[in-house]
Amino acid sequence: MNYQKYKRVFGIVLDSVGTGAAADAAKYGDVGADTLGHVGAAYHGRLALPNLGRLGISNLRDQPLLGVAPAESPLGYYGRMAEISAGKDSMDGHWEMMGLPVKQSLATFPEGFPAEIIQKLEEFSGRRVIVNRPYSGTAVIHDYGEQQLDTGELIVYTSGDSVMQIAAHEDVIPLTELYRICAYARTLLNGPDIVVGRVIARPYIGPDKDHFTRTASRRDFSLEPTGETAIDRLHQASWDTIAIGKINDIFSGRGFAQAYHNESNLDGMDHLDEVMGQDFSGFCFANLVDFDTMYGHRRDPIGFGRALMDFDQRLGTVLDRLHDDDLLVITADHGNDPGFTGTDHTREMVPLLVYSPSMHGHGTLGTRSTFADFGATVLENFNLPTGQYGSSFLRELQ
């Protein structure tokens with residue numbers, strides 16, 4: 001039987017916008033993490049999110065978000081999702097959403113990458129590697145950027161996630177060269193002995209350490225999905241598949257017929273506006289990364305809140321432009337609590353906000369046991385099998 005309800009499904013991932021510590025947060029050292037809660041507290045009740053509020057962003061929390069009253073009659077449906085993947089990185093979260101949880105922990109490098117990896121990277125690039133240890137991305141270019149600018153060395157660093165990041169000044173190492181080096185590094189980290197989730201090119205510009213800034217030319221070289229995803233199934237069935245932001249990189253470009261690179265959150269919303277004007281049948285999957293890179297890792301709750309309010313304003317336009325046969329799903333891939341210790345991602349529940357203008361009901365979707373419920377819902381909508389992971393909530397939407 002054909003259960004298709006919606007012609008177009010739009011998924012927006014608010015990168016790192018967690019909504020409270022997950023049940024297994026202790027395993028990750030993240031007890032007490034609450035990205036949205038700590039952002040709200042930093043604003044002392046002045047956080048203005050009217051559109052997210054009427055979608056139920058405060059309803060889904062154990063304690064309402066300070067400054068955002070629970071909606072008495074939410075526009076649609078709200079809930080939370082718990083992660084079953086072994087990590088708390090963007091790749092883990094997005095893959096799980098699309099039905100491919102990362103069940104085995106990927107390699108991390110609290111002491112830096114092995115000497116043989118660094119040696120191969122130096123031989124390929126013809127450049128010496130410096131740093132090679134966990135570091136904040138903004139701090140590492142402040143502390144080593146001038147040296148890199150003078151010598152042309154590669155700044156290689158990592159974090160608590162399974163990631164190698166390579167930073168270089170654009171005036172010293174052109175983007176094409178930096179991308180080529182990162183693509184080679186990707187080949188060193190695909191296993192079988194060492195498997196790393198992402199290699200990230202981190203170009204920066206500026207005259208000195210007090211003025212260095214990372215650019216929007218960041219590029220993620222992700223591990224290719226190790227199994228079939230919801231995106232693959234949609235693409236194979238000839239439904240339209242559109243990626244906005246780093247989504248295309250996270251899935252190694254696999255399964256997407258159309259892709260947009262974001263310069264910022266607002267640029268990403270411009271791309272979403274463009275796609276909303278297109279006549280297509282399928283799935284548009286967008287990621288807005290500024291919450292994570294600009295504010296979460298930098299532990300800046302005020303900037304984080306400002307970015308949320310900017311998004312909320314643009315969300316009003318999206319809500320107004322949705323067709324009756326459109327479905328909007330807003331969620332996140334992990335937390336990155338700007339009010340927490342350290343600079344790494346935090347293991348949190350993520351919001352689930354679901355709306356279509358054709359809905360005549362509203363209510364809670366509860367706490368979903370895996371992010372994969374999102375992908376299962378998209379697949380059921382387009383009459384495709386949902387796979388091993390995830391339970392669709394399509395028929396709960398009235």
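Largest GNM mean-square fluctuation among Phe291, Phe221, Phe311, using the chain with Cα springs under 10 Å: Phe311. The shape of the stretch 1-142 can be summarised by an equivalent ellipsoid whose semi-axes, obtained from the alpha carbon gyration tensor, come to 37, 22, 15 Å from longest to shortest. For the stretch 287-304, 3J(HN,Hα) computed residue by residue from phi via the Karplus equation (6.51, -1.76, 1.60; θ = phi - 60°) reads 10, 10, 9, 4, 3, 6, 6, 7, 10, x, 5, 8, 6, 10, x, 5, x, 4 Hz, glycine and proline entered as x.
Of all alpha-carbon pairs in the stretch 306-351, indicate the percentage at a distance above 13 angstrom. It works out to 69 percent of all Cα pairs.
Using the average count of surrounding beta-carbon atoms within 10 Å as a protection proxy, the listed peptides 265-275, 322-332 rank, highest first, as 322-332, 265-275. Computed from Cα positions, the angle between helix 115-125 and the longest principal axis of the chain comes to roughly 80 degrees. Residues whose amide H lies under 5 Å from that of Ala286, counting only those 5 or more places away or on a different chain, are Gly11, Ile12, Val13, Ile244; hydrogens are built 1.01 Å from N in the peptide plane.
Across all directions, the shadow cast by the convex hull of the stretch 128-225 built on its C-alpha atoms averages 6.0 square nanometres. For the stretch 277-398, the fraction of C-alpha pairs more than 19 angstrom apart is 57%. Just the number, please: percent antiparallel of the DSSP beta bridges in the stretch 117-258, rounded to the nearest 5. If we restrict to bridges inside the stretch 117-258, about 45 percent are antiparallel.
Peptides 223-229, 365-371, 336-342 ranked from most to least packed give 336-342, 365-371, 223-229, packing being the mean of other C-beta atoms within 10 angstrom over each peptide's residues.
In angstrom, the C-alpha Rg and Dmax of the stretch 1-69 are 15.5, 51. Of Tyr389, Tyr78, the residue with the largest accessible area leads and the full order is Tyr389, Tyr78 (1.4 Å probe). Within the stretch 247-294, the proportion of C-alpha pairs whose separation exceeds 14 Å stands at 52%.
Computed as a quarter of the hull surface, the mean projected area of the alpha carbon convex hull for the chain stands at 18.3 nm².
Of Met81, Met359, Met98, the residue with the greatest mean-square motion in the GNM of the chain, using alpha carbon springs below 10 Å, is Met359.
For the stretch 106-172, the antiparallel share of DSSP beta bridges with both residues in that region comes to about 40%. With both labels modelled 7 Å from their Cα along Cα-to-Cβ, the Leu384 to Arg321 distance reads 2.4 nm. Rg and Dmax over the alpha-carbon atoms of the stretch 59-137 stand at 20.9, 62 Å.
Among beta bridges from DSSP that stay inside the chain, the antiparallel ones total about 35%. Each of the peptides 293-299, 119-125 was scored by the mean count of other Cβ atoms within 10 Å over its residues; in descending order, highest first, they stand as 293-299, 119-125. Against the empirical 2.2 N^0.38 Å scaling, what ratio does the C-alpha Rg of the stretch 160-304 come to? My calculation over the Cα atoms of the stretch 160-304 gives 1.14. Measuring nothing but protein heavy atoms, the accessible surface of the stretch 194-276 at 1.4 Å probe radius is 46 percent carbon and sulfur.
If the chain linking Ser252 and Asp171 were pulled fully straight, counting 0.36 nm for each residue of separation and taking away their Cα-Cα distance, it would gain 26.4 nm.
Reported value for the stretch 326-398: 116 Å³ per residue, from the convex hull of its C-alpha atoms.
Each label point was placed 7 Å from the Cα along the Cα-to-Cβ direction; for Thr226 and Val31 their separation is 3.0 nm.
Volume per residue for the stretch 263-336 equals 87 cubic angstrom (convex hull of Cα atoms). Its DSSP H runs of at least 4 residues, each contributing -39,500 (n - 2.57), put the calculated 222 nm mean residue ellipticity of the chain at -8500 deg cm²/dmol, to the nearest 500.
The values are calculated or read from the model by the stated rules, or taken from the named source; none is laboratory data. From a predicted model like this one, the values you see are computed outputs, not experimental measurements. For neighbour counting, all protein chains shown are included, and Cβ atoms are generated from backbone atoms with ideal geometry for every residue, glycine included. In case anyone asks, the SASA skips ligands and DNA or RNA and just uses the protein heavy atoms, side chains included. Shrake-Rupley method; radii C 1.70, N 1.55, O 1.52, S 1.80 Å.
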